[in-house]
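The block underneath contains the structure these notes are about, expressed in structure tokens.
The values are calculated or read from the model by the stated rules, or taken from the named source; none is laboratory data. On a predicted model such as this, the values are computed, not experimentally measured, just so you know. Every residue, glycine as well, gets a Cβ built from its backbone with ideal geometry; the counts of neighbours run over all protein chains shown.
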Amino acid sequence: MNFIDVISRWAIPILLLLIPVLAYLRKVPVYESFVAGAEEGFTTGVRILPFLIGMLLSISVFVDSGALQIVSRWLQPLFAFLGLDPDFASIIPLAIMRPLSGSGALGVATQLINQNGPDSFIGRLASTLLGSSDTTFFVITVYFGSVGIKKYRYALKVGLLADLVGLIVSVWIVTKVF
Amino acid sequence: MVNLIWLLMLATGIIVSALNGHIESVTVSAMKAAELGVEVAIKLIGVMSLWLGLMRLAEEAGFIRGLARVFGPAVRLLFPSLKPNSPALGAIIMNLSANILGLGNAATPFGLKAMQELQKENATPDTASPAMITFLALNTSCITIIPATVIAVRIQAGSVNPTEIIGTTIVATGCAMTVAIITDYFFRHRRTK
């Protein structure tokens, strides 16, 4: 606990100190180089703006409508069919949300963790799920969009398959360990 | 596929709202999403500038080349199409390191930078190159050692042991990453035959 806590608090300050100091010792004009590099941030941010808005539009309308709950309810019998605890069903919205939206998934997970308690089965499962995959759909569309790629080929399939495996393994390992 | 998913989510959302009798929520969500997009992009400009500035320092001091020399051979096994001294390697390594350490907002700038470098080596600019797909597969399924956000949420919820999920997270991400690497390899070779 302490060790991890220390790393996550010190990682960025140490990088911010170490890189400029070592660069200065190697005779890099630190301030000027920093500014030159930072310039690129603006163009990239502007370039991804339309892709962000496009994805957020579709995801927000879908989630805010309550469609997520309906889809989750449809999927419940599948869980029963697989012989899994019906309790698991409460994590379906999180599992659907995870590849779509980072802030959305964080919201759903926080709610689950607070409702069930962080040290409950659902709380632990929600924590593992949240920590264990990225917003695949979002990353793929925005990253490709930023450089003008229109044909994604098999990228989405690979990403979503990995997410599915992450979900299954999360359920399995949390059941095993706790 | 993306076009269809995009349309399906949008249309389903509108139909469900209409059936539930709160069609006006669609308008609110749509406007909010547009505003949120700008907010996210503007915030990202700040974070991107910060990390890209720092990365330039690291580059000019030769650290990125050093990193690429140490980790490059292993990373290049996954990216056989990249040149040995490709500038994309440094950005890819930085992105993966940030992901592993759970530094989400540092990962995105390096990731977008890596995509730009990969695009320079892409022979067909409108189609994803195999290296890009491998990179995204790794990026989205990357093993996470410190899920910092989750730990923060757990602390706030009053967990007795907020870090106990680190082990399960490592196992889940490890399996997801393995599957991503294997399926990516499979698809890449199926297409080239």
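Suppose we filter B:I14, B:I23 for residues that are farther than 17 Å from B:G111 by Cα and at pLDDT 95 or above; which single one remains? B:I14 is the lone residue from the list that is farther than 17 Å from B:G111 by Cα and at pLDDT 95 or above. Regarding the range B:66-87, can at least one residue be identified that is surrounded by fewer than 21 Cβ atoms within 10 Å (Cβ to Cβ), over 17 Å from the mean Cα position of the chain (by Cα) and within 11 Å of chain A (Cβ to nearest Cβ)? Yes: one or more hits.
Yes/no per residue for (1) surrounded by 20 or more Cβ atoms within 10 Å (Cβ to Cβ); (2) in contact with a Leu (Cβ under 7 Å, 6 or more places away or on another chain); (3) more than 7 Å from every other protein chain (Cβ to nearest Cβ); (4) closer than 17 Å to B:S141 by Cβ:
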| position | (1), (2), (3), (4) |
| --- | --- |
| A:A89 | no, no, yes, no |
| A:P93 | yes, yes, yes, no |
| A:D134 | yes, no, no, yes |
| A:F138 | yes, yes, yes, yes |
| A:T141 | yes, no, no, yes |
| A:K151 | no, no, no, no |
| A:Y154 | yes, no, no, yes |
| A:A162 | yes, no, no, yes |
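Somewhere in the range B:119-142, is a residue assigned by TED's automatic domain parsing to the domain that holds B:H189, of a type in the set (K, R), more than 24 Å from A:R98 (Cβ to Cβ) and in a helix (DSSP H, G or I)? Looking through the range B:119-142, at least one residue is assigned by TED's automatic domain parsing to the domain that holds B:H189, of a type in the set (K, R), more than 24 Å from A:R98 (Cβ to Cβ) and in a helix (DSSP H, G or I).
Inside the range B:1-37, residues that are surrounded by 13 or more Cβ atoms within 10 Å (Cβ to Cβ) and facing another protein chain (nearest Cβ under 7 Å) make up a count of 19.
If only residues of the range B:105-146 that are over 19 Å from B:L78 (Cα atoms) and among the β-branched types (V, I, T) are counted, the one that is surrounded by the fewest Cβ atoms within 10 Å (Cβ to Cβ) is B:T124. If you go through the range A:4-22 and pick out every residue that is surrounded by 16 or more Cβ atoms within 10 Å (Cβ to Cβ) and either farther than 24 Å from B:I151 by Cβ or in contact with a Pro (Cβ under 6 Å, 6 or more places away or on another chain) (or both), you end up with 3. One residue stands out in the range A:47-61 among those that are within 19 Å of B:S49 (Cα to Cα) and at the interface with chain B (Cβ under 7 Å from one of its Cβ atoms): the one that is surrounded by the fewest Cβ atoms within 10 Å (Cβ to Cβ), namely A:L49. Against the conditions (1) at the interface with another protein chain (Cβ under 9 Å from one of its Cβ atoms); (2) under 16 Å from the mean Cα position of the chain (by Cα), B:A91 satisfies every one except (1). Condition check for B:S141 on (1) closer than 30 Å to A:T43 by Cβ; (2) of a type in the set (G, A, S); (3) at pLDDT 90 or above: one failure, at (3). Inside the range A:123-163, residues that are within 14 Å of the chain's Cα centre (by Cα) and within 16 Å of A:I91 (Cβ to Cβ) make up a count of 9. Each residue in the range A:17-32 was checked for being assigned to a helix (DSSP H, G or I) and within 7 Å of another protein chain (Cβ to nearest Cβ), and 5 pass.
Selection of the range A:101-122 for residues being touching a residue at least 40 places away in the same chain (Cβ under 8 Å) and more than 12 Å from the chain's Cα centre (by Cα) yields only A:F121. Scanning the range B:94-104 for residues that are within 21 Å of B:L77 (Cα to Cα) and either within 9 Å of chain A (Cβ to nearest Cβ) or touching a strand residue (DSSP E or B) at 6+ places or on another chain (Cβ under 6 Å) (or both) yields one hit, B:N99. Per the listing A:V6, A:V35, the residue uniquely part of a helix (DSSP H, G or I) and either more than 7 Å from chain B (Cβ to nearest Cβ) or at pLDDT below 90 (or both) is A:V6.
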